[in-house]
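Structure first, then comments.
Derivation of every value follows stated rules applied to the coordinates shown; laboratory data play no part. These numbers were taken from a predicted model, which means no experiment stands behind them. So basically every Cβ, Gly included, is an ideal-geometry build from the backbone, and we count neighbours across all protein chains shown.
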């Protein structure tokens, strides 16, 4: 009996495609397997999501599967169901979710390449081609090339018409190539035995929290908990829960926000539990990521550790999911597949019947509110922060370094003690401007002003990384470009060198320390005293195990409060709390927060290390303003190369929102804060409702059938 397979393909289409299964593969075709299929003249690798006995209605002639690369499914049933639910939650086609879930080499795609035919070679030799055709033929004379390569090389308008004309004349031919990666089988060498460390740090509060979670683990049903307390106390509970889960034959998924935290966690697991965990994150070399994926799928790793990609690990018998540092902004995936890792972790645990344990010393306000109301908050007690920083009121217009902070820096330099300053602005200045005609250098691919990097002598786009040589002369009126009022870390470094000419100043930011080797060098230089003052952005703030400083200065964290974001107060609180951790534990170490808003509650309570006090003020503000958790907001970003098409979709979506009645409020459409990125136009629409369900129901219908790239973020 002929069977039929529904295939989810990595295309911007929220639908599956049905193919007939060759008779010899009928017994081996199962959901979760990869399949190579013909599609629109090329070969695509997709995933079997359903096998059925009856063909679809309509009597269409179906194409057959080309190949089944796997002997067993890559996705266990529960993981396959999770990817479907995640795609529906964030309005992402199922095939694109599945593609993002596996190592890139597991989903090879064919690509079209053009080659010169014998007829074309003859025409080239006899000079029978016009100039446009000759330019193409000369590039194809050596070897075949893709259309994208020709577009980059020829840079001629109307290239598509030239290529079509040459095809009709049989001067060039197109062929499909499927690039398959072949790797030698790599054996997993057994790790040498390690001396386990005994852990006697469990106290009464930790035991009570572990016991509460363990009751749900024993019941093998979904439950969720929020561990509220310092990182050290949370980790004690995590390891006890992992130990109990493994003893009962279950598996563990441990999600962390930053790749840099992975080695520290792996080492702790091995010391405490003797467990060699599998690691999944985007920073792994492709071959190793493949090995880790197979190791997990074959049941040879009982604990999986990693960043957001670890959520797609093919682990069966999953009993415990841990999501530590729940408040971290890195948990929202903003590139490629758009989703919130915290919500995805809940969905994965719920689908597996596992227990979800989130942890933080300063949780998202929405998370803390729901945990309190629903009764799954576990307060571990203890100090959640280290208070004692000095707050210096200072107007940034009077200089980048206040007199008080300058004296503190000078005193530390005099004792040859290290200093770390945080200032969350890259470059020298956000941009230069012409005061005569108002000209502002902008990225040719994005709509944003180019940032000025004085040290490199370049204008740089912080979105698409486009750069160009900086000029002090306005190209419009020939006037002189001047620095806008706001400045960045380079300007801070310049002022420090002017005030402390003998100090060695380093910058830890994406432009100066974007590569791992640059970060490692700065870390070593600071540790060994070759850098006296280190200025860093949030890139430094997220580093794990970085050397501490006798003086930590935080420059103007209130700048973040100016953002049009209902979470700006919480982000400011979290940034200060994270940066204060870089202060040394040695006696006499100090921290200084220099700000023009010393009385703002987010700054005041962050300096005190008092999250409950911050939460009380913030939740009152959110209740008055009707912000989450007292409402739900959906931010929809529509993206595309054709602004007319993007605008048309935005207008249609806005019209449907107005027609939906009073249950949904509409804000926009408007140009997104980054209106054009990498050549893609971006329009933003914000929707508001009392809960997320009306928003999801509306968007499910309103976005159906649209292939326009988009991101949807629902806050509730």
Label-point separation (nm) for residue 469 and residue 613, each offset 7 Å from Cα along Cα-to-Cβ?
5.6
Taking only the alpha carbons of the stretch 204-379, what extent do you get along each of the three principal axes, in Å, biggest first?
45, 36, 29
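Suppose R0 equals 35 Å; then what is the FRET efficiency for residue 635 and residue 544 from their Cβ-Cβ distance, rounded to the nearest 0.05?
0.70
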Quick one: of the DSSP bridges fully inside the chain, what percent are antiparallel, nearest 5?
55
May I ask you to derive the FRET efficiency for residue 395 and residue 148 from their Cβ-Cβ distance with R0 = 51 Å, giving the value to the nearest 0.05?
0.50
What translational diffusion coefficient, to the nearest whole µm²/s, does the stretch 3-106 have by Stokes-Einstein, given a Kirkwood radius computed over alpha-carbon pairs, a temperature of 10 °C and 1.306 mPa s viscosity?
115
With contacts defined as alpha carbon pairs under 8 Å and 6 or more residues apart, what's the relative contact order of the chain in percent?
10
Could you list 25, 94 in order of exposure, starting from the residue whose Cβ has the fewest other Cβ atoms within 10 Å?
25, 94
Expressed in nm², what is the orientationally averaged projection area of the convex hull enclosing the Cα positions of the chain?
38.4
Counting only DSSP beta bridges with both residues in the stretch 204-379, tell me the antiparallel percent, nearest 5.
5
Could you give the length gained by full extension between residue 28 and residue 232, i.e. 0.36 nm per residue of separation minus their alpha carbon distance, to one decimal place?
68.6 nm
Out of the DSSP beta bridges found with both residues in the stretch 11-119, what percent are antiparallel (nearest 5)?
90
Taking a spot 7 Å from the Cα of residue 659 along the direction of its beta carbon, which residues of the stretch 688-710 have an amide N less than 12 Å from it?
702
Ellipticity estimate at 222 nm from DSSP helix runs (n ≥ 4, -39,500 (n - 2.57)) divided over the chain, nearest 500
-10000 deg cm²/dmol
